[in-house]
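Visitor: The structure follows.
The values are calculated or read from the model by the stated rules, or taken from the named source; none is laboratory data. Predicted model, so just to flag it, every value in this text is computed and none were measured. Glycine gets a Cβ as well: all are built from the backbone with ideal geometry, and neighbour counts include every protein chain shown. Please note that ligands, DNA and RNA were not included when accessible areas were found on the heavy atoms of the full protein model with its side chains. Shrake-Rupley method; radii C 1.70, N 1.55, O 1.52, S 1.80 Å.
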Amino acid sequence: MRSFDYVIVGAGTAGCVLAARLSADPEVTVLLLEAGTAFPDGDSGWHYRTVPQADADRATLSYPLGKALGGSSRADGLMAGLGDPDSYDAWAEAGATDWTYAALLPFLGAGAASPVGPPVEPLWAATVEAGHHPQADRDALPAGEMLAAIAQRPNLTVLPDAQAVRVVVDRGDCRGVAYHVDGHTGLTCADREVVLATGAIGSPRLLLLSGIGPGADLRANGLPVVADLPGVGSNLQDHPRSQVAYAATGPVPADRAPHMLARTDPDGPQDLHLTFGDRPLHPRHEPGEEDGYSVVFALTRPASRGTVRLRGPDPYAPPLIDPALLADDADVDRMVTGLRMARDLGGAPALSSVRDTEEFPGSGVDSAAVLAQYVRDTVTPCSHPAGTCRMGIDGAAVVDPELRVHAVDGLRVADASVVPSIVTGNTHTATLAVAERAARLISG
Ligand SMILES: Cc1cc2nc3c(=O)[nH]c(=O)nc-3n(C[C@H](O)[C@H](O)[C@H](O)COP(=O)(O)OP(=O)(O)OC[C@H]3O[C@@H](n4cnc5c(N)ncnc54)[C@H](O)[C@@H]3O)c2cc1C
């Protein structure tokens, strides 16, 4: 059995940053384990679905995540909105001592690579007409590029196609990781630490498979209780989204289209993200074939909270993912307001020369009750899972503010799962910042 100073599990957005930073010290050996492949094709990914969504017509919704070197950054749109400072400050207020926007600011620039693109007419003009301050996309760096740049370091071993099945804990000390590769079970030892960067679905899943989680659930799944941590897998958050879709008289290119943040309550904080799509999106975000465009609206401060649970002890069984979309009625009300704002945008005079009809929900549909049903019929998650190994100091927190798993030595989690609440921007940049700070905490 080979041992390394650090074993990082998951080569996604966070795992690649951790590998780059920790292996920068040539005296330190690092293993980076990844379930996905080094050379992904169009079909690679975790093709998850949610459990039936009680408040969205009991639909089971697609929940794609990246499974490759680079993780979800291989699949994501790489829009690099930072989010509002107060959505980071909320972490410290929830018990994540010193995880404020100011403390994270040095790490938040890292994910934004390219400058803003040129304004796209007529979408840009429609945005101004509807009273918004448009912003252009910034591209984020895919995490795999960072890994490619360091792959030759002699002290870094990258092992793709290796799925971790549990962390090995002996009398409260995490010693290493068991994984499956090429039909065999491998075991690797960590002389210093194991760091989980398997994402907000993968990290609670791996902790649960290792017997770290709510005791009663573990026993019900036939797993031993290594550490009774009730918060593992709770507090799942994602940005719920829907759209207003229009048929058009010709193609409406939305590349580099503006996007904008807005308030569903004029006296409240920004809580809505609006963006254009270059296809008319049918219910559940399915692109239509006809010419047209969409205005997608997503809640950036959802009140609903869901869970990640196991189906049983089989490490290959997909987890039970319940983002509990629209479980909180306040989210439905704000989505209806968001829909009306999306409509103002999509129906703006600047688009009258290309706009044909409002296909979904349809221009005649205006009552709040019918629009609320439309939102329930069309809502989808953004594949921005967060919060399932929450950082804090209370009894339900999973990791402490230095990202160490409570009640287990030598084990940290450093990915999108540790944030107490989802940021109001895109989650890639926030995850990069978590990983950068984690690397500092780990290496001292
Ligand atoms: C389709 C899609 C679109 C997105 N669009 C955007 C966007 O436009 N802007 C934005 O900011 N964010 C976007 N995101 C979200 C963003 O990609 C994530 O917030 C971010 O990548 C989370 O990083 P992470 O390191 O926590 O997890 P991930 O990047 O998902 O990395 C987790 C890694 O762990 C691996 N893994 C999991 N379990 C195991 C195991 N048992 N053993 C070994 N390896 C394992 C996975 O294969 C994966 O490589 C999008 C995500 C998706 C899926």
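Visitor: For the range 20-106, give the percent of accessible area contributed by carbon and sulfur heavy atoms, probe 1.4 Å, rounded to a whole number.
Guide: 54
Visitor: Rg and Dmax of the chain over Cα atoms: what are they, in angstrom?
Guide: 21.9, 70
Visitor: Next question, about the same structure. Read phi for every residue in the range 205-220 and hand back ³J(HN,Hα) as whole Hz from Karplus 6.51 cos²θ - 1.76 cosθ + 1.60, θ = phi - 60°, with x for Gly and Pro.
Guide: Each residue's phi maps through the Karplus curve to give 4, 5, 4, 4, 4, 8, x, 10, x, x, x, 4, 5, 4, 4, 5 Hz.
Visitor: Let me ask something else. Would you compute, from DSSP H runs of 4+ residues alone, the mean residue ellipticity of the chain at 222 nm, taking -39500 (n - 2.57) per run and dividing by the full residue count, rounded to the nearest 500?
Guide: Helix contribution divided over all residues of the chain: -7000 deg cm²/dmol.
Visitor: Report, to one decimal in Å, the Kirkwood hydrodynamic radius for the range 329-383 based on all distinct Cα pairs.
Guide: About 12.2 Å for the range 329-383.
Visitor: While we're here: Between residue 1 and residue 256, what FRET efficiency comes out of the Förster formula 1/(1 + (r/R0)^6) with R0 = 60 Å and r the beta carbon distance, rounded to 0.05?
Guide: Once the sixth-power term is evaluated, E becomes 0.75.
Visitor: Right, another one. Assuming 0.36 nm per residue, please report the length gained on full extension of the stretch residue 149 to residue 286 beyond their Cα-Cα distance.
Guide: Stretched out fully, the residue 149 to residue 286 stretch lengthens by 45.7 nm.
Visitor: Over the range 241-334, what percent of the accessible surface lies on carbon and sulfur atoms, probe 1.4 Å?
Guide: Result for the range 241-334: 50 percent of the exposed heavy-atom area is carbon or sulfur.
Visitor: Less than 14 Å Cβ to Cβ from residue 100, Lys/Arg counted +1 and Asp/Glu -1: what total charge do the surrounding residues give?
Guide: Neighbourhood net charge equals -4.
Visitor: Check which residues have an amide H placed less than 5 Å from residue 243's amide H, if you skip close sequence neighbours.
Guide: 297
Visitor: Restricting to Cα pairs below 8 Å that are 6+ residues apart, what does the relative contact order work out to for the chain? Please round to a whole percent.
Guide: 23
Visitor: Further question on the same structure: Using +1 at the C-beta of Lys and Arg and -1 at the C-beta of Asp and Glu, which of 26, 186, 380 has the Cα lying farthest in the positive direction of the dipole of the chain?
Guide: It is 186, whose Cα lies furthest towards the positive end.
Visitor: Please give the Cα centre distance for the range 264-295 versus the range 407-432, rounded to the nearest Å.
Guide: So the separation of the two Cα centres works out to 27 Å.
Visitor: Give me the distance between the Cα centres of the range 178-228 and the range 1-49, rounded to whole Å.
Guide: Taking the Cα centre of the range 1-49 as reference, the centre of the range 178-228 is 16 Å away.
Visitor: Taking only protein heavy atoms into account and a 1.4 Å probe, give the accessible area per residue of the chain in Å².
Guide: 39
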